[in-house]
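Laboratory data are not the source of any read-out in this text; all were calculated from the coordinates shown. Quick caveat, the model's predicted, so the values are computed rather than measured. Glycine also receives a Cβ, built like all others from the backbone with ideal geometry; neighbour counts cover every protein chain displayed.
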Amino acid sequence: MRKSWNIVSNGLLLLMSVKTSQFVKIPHLPSRKVTVAAVSSEYEEIITALRKLEIKVLPIKPTNQLDEPVASHADMQLLPVGENYFFLSSEQQQLSQDLMKLGAVVRFGEKLEKEYPKDVLYNAVCLNKFYICNDKTISKKAKSFLEDSGKKAIYVKQGYTKCSVCVVDENSIITANPKIAELSSQNGMDVLLIRPGFIQIPKYDTGLIGGCCGKLDWNQMAFTGKLSQHPDGNEIQSFLKQRKIDVIELTEYPLFDIGSIIPICQLACEEIGMTKKHSD
């Protein structure tokens with residue numbers, strides 16, 4: 001969306017163009033304040049907290065193609081691959097319509113199913129130079145697209161890849177998965193390896209670090225609960241602080257896995273030009 005004004009004042013023509021919103025160019029890494037984020041529809045406190053921060057929520061509704069505890073998880077249903085391109089399961093018609101209303105280009109892949117590995121078809125991390133996924137479980141159509149993108153693949157055994165990764169910046173991640181940490185480090189990334197567990201999720205033994213967070217600006221990382229209640233909370237805080245990233249805690253609870261906060265759109269910079277008004 002773009003608005004323009006021409007204003008004449010004191011012999012000057014002021015040209016003002018304000019583009020209010022644009023898609024996040026590199027998935028999970030907004031360069032300005034997030035305006036739209038994809039979040040599970042089942043966590044009203046998180047949605048309310050985000051709205052108080054003037055972020056519109058794209059609610060991810062439960063699908064019967066996934067197991068109940070993760071049926072509304074954004075990182076299970078939605079794979080952003082860069083700019084305004086997204087991969088979804090073919091039955092996600094409402095989600096595709098919501099994205100297309102924002103101007104997204106939606107690509108459909110294979111159908112999700114409740115049993116692993118068909119539940120993790122879209123559970124991958126795409127960055128600017130790399131993408132991280134299990135090459136045997138990712139959607140074949142998404143994999144083909146990424147192979148053609150020129151990005152370097154980091155193939156891991158963990159199918160729940162995005163769930164397992166907190167994307168800090170283009171070169172930094174946080175994970176509790178030793179193999180993801182090892183392979184990412186081998187590819188030149190800075191990795192904070194934390195202890196597994198200590199993140200709540202119904203039915204399963206533990207949630208995962210990527211599922212309880214997401215960036216709201218280039219210098220803001222939101223968590224669903226209190227880092228102080230995680231045994232590596234101080235290390236996480238320090239890792240983020242070293243990269244000039246502030247922590248936002250959306251509730252007073254211990255960390256809980258909601259399937260990630262995925263930034264979709266961000267503010268676009270105001271473009272203000274000034275030229276002299278010529279006289280005859």
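Brief remarks follow.
- Projected area, mean over directions - the chain, Cα convex hull, nm²: 16.9 nm²
- Given charges at Cβ of Lys, Arg, Asp, Glu: the chain dipole, positive-most of 237, 201, 69: 237
- For region 2-276, the Cβ-based charge dipole about the Cα centre amounts to some 880 debye (Lys, Arg positive; Asp, Glu negative; other atoms uncharged).
- GNM top mover of 232, 75, 148 - the chain, alpha-carbon springs below 10 Å: 148
- Cross-link pairs beyond the 27 Å C-alpha cut-off, checked among 52/152; 52/179; 61/215: 52/152; 52/179
- Mean Cβ count within 10 Å, highest first, over the residues of peptides 40-46, 240-246, 156-162: 156-162, 40-46, 240-246
- Unit charges at the beta carbon, dipole of the chain: most positive-side option, 109, 139, 82: 82
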